[in-house]
Every structure is written in structure tokens, then in C-alpha cells.
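Data first, discussion second: the structure below is written as C-alpha cells.
The values are calculated or read from the model by the stated rules, or taken from the named source; none is laboratory data. Because the structure is a prediction, the values reported are computed rather than measured. Cβ atoms come from the backbone with ideal geometry, glycine included; neighbour counts cover every protein chain shown.
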Amino acid sequence: MNDFRTRVQAERGYLLRYARLQLRDAAAAEDAVQEALVAALAGEAGFGGRSNLRTWLTGILKHKIIDTIRRQSREATPLPAEGDAAEFDPLFDESGHWRDPPSDWGDPNALLEQKQFMAALQACLEGLPSKTAYAFLMREHMGCETTEICKELEVTPTHCWVLLYRARMALRECLEKTWARK
Amino acid sequence: MKLTCKEASHLLSQGEDRRLALGERIRLRLHLGICDACTNFSRQVQTLRKALQALRERSGPDPRS
């Protein structure tokens, strides 16, 4: 085994966690990582030590993950109608006020250090419908631009914003219930 | 025209994904000036963003494995 191969294999654990969080499916994550590693080992010359190995591998993995998302979102059930600020939303009353106003969670940086918060967040992510979760995770986890998300999920920009909105609303509500009110 | 909390929440979310128009930003700022609930929502959205970044960067062992 040469040195490059060993260094690539050493990043496997990180890449698996990355893919699992994004795809929420251990088997699909395993496949994406495997494909990425094969591509990486075949393309050693493309690395050339220019950038950080993890960053380079994550870049390859992102493409594999997006391929998976594209395939899976085609098979997913059709989305509910678009919906915007004018649509009925049970989280607000008729005059547009919060039925259950968001609470103050305190210092965000302190929360990131809190194991219970991060564990509750991961559990809440797993409860999201798949297309909503893909959109949100592509945006916030993989750092994709909205245009790329729309393209891969085959939705309009407006629908993309609605998916991202629903994801944020669902996550914050889930966190209020499972974490904030403990 | 004044924003409702529902409209403000949509704009706050979209502000993470597109550049809001000047008018939208002004109305949002006026609303946030008088609304604690939406101010909390805005912070929660920021917290979610930071938390996902932290998950991405975190390189420690997987707590679930």
C-alpha cells in the first residue's frame, strides 16, 4: 500500500459521517463514499498535493452525493403544491401571528458545544421529509447555492425557497419540543 | 405596508438563500424592531446554519457508531 492510499483510507470515517448526514441512509452513504474513494484513488494525479486532502476528497464525494440525490428525488413521491406566505399555515393564526412564538435559545456558539442540542438536531433532521431534508442539507451542510439545489431537485426557485423555509420551520419547532422545553 | 409574523418569517428564511430587495429589508427591519418572536426566529435560523457548519467541520469520532 502506498502512502497516498493510506492517507485516503484514513479519511474514510470522516467521509462516511459526511455522507450519512447528508443522505440519511447508511447504505446509500456507504455506496457514495465507496465510489468517491475509487474515483480518488484513480485520480491521484488530480490531487497533486495542491490542496488539503480532506477538502479534495469531500469535493469528489459531493458529486457522488448529488448523483444519489438526483436519482432518489426522481423516485420520491411528488411534492405538495408550492405554497408561499399567502397559503394557510397551521403555525400562524388568521392575522399572521405565531401560534407558538419562537423562544430565545441563547448564545448560538454555546449551543454548538452542547451535546444534547446537537443530538436533538440530528434526530430532528432525520424526521424531515426527504426532499425537504435534501434541499436543506444541500444548502446548509454542503453549502450549495440555491440555483444548484433547484437544478438537482428539479424544482423552481420559488419552490426551492419554500422547501428551505419548511425545513427551517420544522427543525426549529422540533427543537423547541424535544430540546428547548426539557 | 406592515409585515405579519408569517410574512416576516418567509423573508427571514429567504434572506439566507437570496439577496432581499431593499424594500423587503426595510420592512423586515421595522418588523424585527418591534417583534421579539421573529427576532428569536431569526436567531434560531442563524443557529441552525452554524450548527450544520459545525457538523460538517467536526472531525471527531461518530457519536452514533
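Points worth noting:
Rundown of residues vs (1) within 14 Å of chain B (Cβ to nearest Cβ); (2) closer than 16 Å to A:ARG12 by Cβ, yes/no style:
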| residue | (1), (2) |
| --- | --- |
| A:VAL33 | yes, yes |
| A:VAL38 | no, yes |
| A:GLY46 | no, no |
| A:GLY49 | no, no |
| A:LEU53 | yes, yes |
| A:TRP56 | no, yes |
| A:LEU61 | yes, yes |
| A:ILE69 | no, no |
| A:SER73 | no, no |
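- Each residue in the range A:131-150 was checked for being out of contact with any helix residue (DSSP H, G or I) (no Cβ under 7 Å at 6 or more places or on another chain) and surrounded by 14 or more Cβ atoms within 10 Å (Cβ to Cβ), and 1 pass.
- Screening B:MET1 on (1) modelled with pLDDT under 95; (2) in contact with a Cys (Cβ under 8 Å, 6 or more places away or on another chain) shows it passes everything except condition (2).
- Scanning the range A:150-171 for residues that are under 21 Å from B:GLN44 (Cβ atoms) and outside any helix (DSSP H, G or I) gives no hits.
- One residue stands out among those in the range A:115-149 that are outside any helix (DSSP H, G or I) and more than 10 Å from chain B (Cβ to nearest Cβ): the one that is farthest from A:THR68 (Cα to Cα), which is A:GLY127.
- Qualifying residue in the range B:14-31 (condition: in a helix (DSSP H, G or I), facing chain A (nearest Cβ under 10 Å), modelled with pLDDT of 95 or more and under 18 Å from A:LEU137 (Cα atoms)): yes
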